[in-house]
1. Relative contact order for the chain: what percent, with Cα pairs under 8 Å and sequence separation of 6 or more?
2. Residue farthest toward the positive end of the dipole of region 17-144, with Cβ of Lys/Arg at +1 and Asp/Glu at -1: which of Leu85, Ala110, Gln138?
3. Starting from 0 in steps of 5 Å, tell me what percent of the Cα-Cα pairs of region 47-89 lands in each bin.
4. What area, in nm² and to one decimal, does the C-alpha convex hull of region 17-144 cast on average over all directions?
5. Using the Cα atoms of the chain, I'd like the radius of gyration and the largest Cα-Cα distance, Dmax, both in angstrom.
6. Just to verify a number: FRET efficiency for Ala103 and Asn153, C-beta to C-beta distance, R0 = 35 Å, to 0.05?
7. Under a Cβ-Cβ cut-off of 10 Å, what is the net charge of the residues other than Leu368 that fall near it, where Lys and Arg count +1 and Asp and Glu count -1?
8. If the chain between Glu392 and Ala142 were fully stretched, how many nm would it gain, using 0.36 nm times the residue separation less the Cα-Cα distance?
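Values in this text are rule-based calculations from the coordinates and carry no lab data. On a predicted model such as this, the values are computed, not experimentally measured, just so you know. Note that each Cβ is placed from the backbone with ideal geometry, even for glycine, and that neighbours are counted across all protein chains shown.
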Amino acid sequence: MTQDRATAPATASDDGIAARRAALHLIEQATGGQRLLSETIAAGALERLSPPDRARAQRLATQALRQLPTADRALKPFLAKQPPLAVRNALRLGAVEIMEGAAAHGVVNAMVQIMSKGKRTQSYKGLVNAVLRKLGEQPPEAFAKLPVPKLPNWLRGPMVEAWGRKSVEEMEAVQAVPAPLDLTPKGDAAALAEALGGELLPTGSVRLAGAGQVSALPGFETGDWWVQDAAAAVAARVLDAKPGERVLDLCAAPGGKTMQLAAAGAEVTALDLSEARLGRLRENLERTGLSAGIVQADALEYDEGGFDAILLDAPCSATGTIRRHPDLPHAKDGSEFGALIELQAEMIDHALTLLKPGGRLVFCTCSLLPDEGEVQIEEALARHEGLLNDREALVRPGIDPDWIGPEGLRLRPDFWAERGGMDGFFIACLRPGARDG
């Protein structure tokens, strides 16, 4: 779609205009261009901003996308009809800022200025001014009464069918607030939690609330830890790599699980299709002082075998990461999920051929859809005679036994809700050679 000056990235500013303009560009690309924030940022959308403005733009865009349905409800009484998307997104961003307590006059002035600079939007600056001023006159308790944002119907329907309406509502409540920051320690988790004033989670991750700039935290430069959601960290713990084992991390970038496996003393091969993403993996390994062999290749074409263990974090819908990536429900519509499900099955089949006798495969996806988790394991067991679904491997510190089902370990955002939740994940451990009994 054509980029407008009203939403294009700009140079740094002290009045918040540049950050807000960039945030609007990110929001418009997600809602109108079906592009994830990560894709738009990777294309250079924030390159012209100063680091503080870059961080602010991402925070504004993320929070606006998280609260989009709430913003629409708050704005509805003041709109006779919906304006064009670029204007609507400016109203949404302004509404979210006001509802979160920002000074209304500053928000209004900034949005009016941004609208006045765009050829498509300048005729709407009066509307934006009037609507946001009226919204700013509302008492805070009016915003508190607005319902929790719901997932779009294309995703909510399958999730309600899988987990029930009450559970989905609890997931939505967790996804409606910014996620805390989880760290995986290279060494002593308790010592890291104490040093950073964080919470030591039952599974061994360290959780921080309001962490601020990640690279400024103690231990970042020295590689004492890396950012990794607590749920994602469980997969490598299930694999339970031993010193000296040959371990293959398929779809490895950006490297959180690779670093876990390397820190355990395994001889790790990290494979990924994307050279750009492998660049991030190399940077993470260098920072943490850990080592792994790095291979840029298609996982389905890689044919070196004889591995003791394989971790396959397969490409998936990423529906389990919405608490950290609220752009996904707006940028996606589920149309590509069928192809991903087929790819996952092919990758399971191929990965099994790369194991040495007695080896083990941990399959996982950051998805909340059973078709990308439980169903994959059911069908893999049907395809492969003698394949064992090793549920004992899922019994790990901090894992509630109720989270382990017949097919594997199911993690959901509503688990640990009082702590800030966790990403949605499915994890299973497969062993060729014997049928699950």
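1. Working: 817 pairs, mean separation 59.2, N = 437.
Normalised by residue count, the contact order of the chain is 14 percent.
2. Result: Leu85, furthest along the dipole toward the positive end.
3. 5, 19, 21, 19, 15, 11, 8, 2
4. The Cα convex hull of region 17-144, projected and averaged over all directions, gives 7.4 nm².
5. Over the chain's Cα set, Rg and Dmax evaluate to 23.0, 71 Å.
6. Working: r = 36 Å, r/R0 = 1.02.
According to the calculation, E is roughly 0.45.
7. Numbers: positive: Arg410, Arg412; negative: Glu372, Asp423.
Value of the local net charge: 0.
8. Values: separation 250, 0.36 × 250 = 90.00 nm, distance 5.00 nm.
Difference between extended and current length: 85.0 nm.
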